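Novice: Below you'll find the structure I mean.
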Amino acid sequence: MVTPGVTVHVVPDAPALADAAAEWLAQRIARTPALTVLVATGQTPMGMYAQLAERVRAGTLDCSGVTAVQLDEYAGLPEGDPRSLRAWMLRSFVTPLGVQTVVPLLDPAAFTGRLAALGGLDVAVLGLGPNGHVGFNEPPSGPDAPTREVALTPESLRSNAAYWSGLTVPTRAVTAGMDVILGARETLLLVSGAHKCAILSEALDGPETPLVPASFLRRTALTVLADRDARP
Ligand code: F6R
């Protein structure tokens with residue numbers, strides 16, 4: 001069962017996912033050059049961002065009018081810490097795409113105010129946590145959960161350890177709230193790999209529940225791009 005308003009595209013593998021996702025966002029940037037985009041880090045969207053950067057280098061895409069909005073950040077990191085998710089967003093998306101405007105996520109109140117002044121998000125680009133989180137809206141998170149500091153679950157600490165070999169994973173984070181994410185005019189959820197298959201099925205086919213925060217994405221104009229391992 002998939003809700004009306006939700007489109008699910010299944011592609012053969014991760015490279016095809018990167019191509020389809022890049023095309024999805026490039027079309028929207030071409031239509032609306034001043035697009036405001038919530039930008040996930042994590043492994044899943046990296047191929048998409050590389051494809052977009054390729055288009056920018058080739059001169060077929062101009063992202064200079066785009067505003068990149070930070071989705072989440074570990075709490076309490078010193079300036080210049082290599083684990084910063086903002087730094088990851090800058091090196092994978094903002095710099096290679098030539099994006100000129102960034103809304104950082106430092107203080108939840110300042111972030112919420114800046115987003116309101118921008119008129120909200122046009123697009124949210126999201127990955128799916130192995131426990132159903134989006135951003136760091138860990139279970140349980142309801143649809144009204146605000147931008148806030150959270151404690152990371154053991155599952156997220158484990159999955160994030162893969163990003164920082166030899167470094168510890170901070171135990172707390174600040175995340176854009178479910179209210180911000182669900183307010184995006186369109187959402188793109190990228191899911192890759194057999195380890196995401198069961199949680200994707202819960203998010204799309206199970207009940208809406210704070211225990212699977214991604215299940216609330218079905219309330220939005222949602223496009224899911226999954227590879228066959230994640231959605232056989
Ligand atoms: C990253 C983020 C997380 C990840 C999710 C999936 O900014 O907010 O919600 O999108 O944990 O991570 P990957 O893509 O590494 O499997």
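Novice: Could you check which residue among TYR49, TYR74, TYR163 shows the biggest mean-square fluctuation in a GNM of the chain with a 10 Å Cα cutoff?
Specialist: Greatest mean-square fluctuation among the candidates belongs to TYR163.
Novice: To check you understand DSSP bridge types, tell me what percent of the beta bridges within the chain (both residues inside) are antiparallel, rounded to 5.
Specialist: On the way: 9 of 35 bridges.
About 25 percent, rounded to the nearest 5.
Novice: To the nearest 20 Debye, how big is the dipole of the chain about its Cα centre, given +1 on the beta carbon of each Lys and Arg and -1 on that of each Asp and Glu?
Specialist: Values: 17 positive and 22 negative charges, 54 e Å.
Here the size comes out at about 260 debye.
Novice: So, taking all protein chains as they sit and a 1.4 Å probe, how much accessible area belongs to VAL174, in Å² rounded to tens?
Specialist: 20 Å²
Novice: With all protein chains present, calculate the accessible area of ASP179 using a 1.4 Å probe and round the result to the nearest 10 Å².
Specialist: Surface open to solvent at ASP179 totals about 70 Å².
Novice: Using square roots of five times the C-alpha gyration tensor eigenvalues, list the equivalent-ellipsoid semi-axes of the stretch 105-232 in whole Å, biggest first.
Specialist: Numbers: eigenvalues 99, 78, 33 Å².
The three semi-axes for the stretch 105-232 are 22, 20, 13 Å.
Novice: If you average the sequence gap of Cα pairs under 8 Å that are 6 or more apart and divide by the length of the stretch 7-227, what percent do you get for the contact order?
Specialist: 25 percent
Novice: Quick one: Debye curve from the C-alpha atoms of the stretch 106-172, no solvent, what's log10 I(q)/I(0) at q = 0.18, 0.27, 0.29 Å⁻¹?
Specialist: With one equal scatterer per Cα and no solvent, log10 I(q)/I(0) is -0.83, -1.26, -1.31.
Novice: Compute the relative contact order of the stretch 16-113 as a whole-number percentage, counting only Cα pairs closer than 8 Å that sit 6 or more residues apart in sequence.
Specialist: 30 percent
Novice: If I ignore ligands, DNA and RNA and count only protein heavy atoms, how much of SER64 is accessible to a 1.4 Å probe, in Å² to the nearest 10?
Specialist: Rounded to the nearest 10, that gives 50 Å².
Novice: How long are the three semi-axes of the equivalent ellipsoid for the chain, computed from the Cα gyration tensor as the root of 5 times each eigenvalue, in whole Å, largest first? Walk me through the numbers on the way to the answer.
Specialist: On the way: eigenvalues 102, 96, 66 Å².
After scaling each eigenvalue by five and taking roots: 23, 22, 18 Å.
Novice: Which sequence of MET178, MET46 reflects their accessible areas, 1.4 Å probe, from the largest down?
Specialist: Putting MET178, MET46 in descending order of accessible area: MET46, MET178.
Novice: Which one of PRO96, PRO108, PRO82 has the biggest mean-square fluctuation once the chain is modelled by GNM with Cα springs under 10 Å?
Specialist: Among PRO96, PRO108, PRO82, the largest mean-square fluctuation in the Gaussian network model of the chain belongs to PRO82.
The values are calculated or read from the model by the stated rules, or taken from the named source; none is laboratory data. These numbers come from a predicted model, not from an experiment. Cβ coordinates were reconstructed from backbone atoms using ideal geometry, including for glycine residues, and neighbour counts include every protein chain displayed. SASA here: full protein model, heavy atoms, side chains in, ligands and nucleic acids out. Shrake-Rupley method; radii C 1.70, N 1.55, O 1.52, S 1.80 Å.
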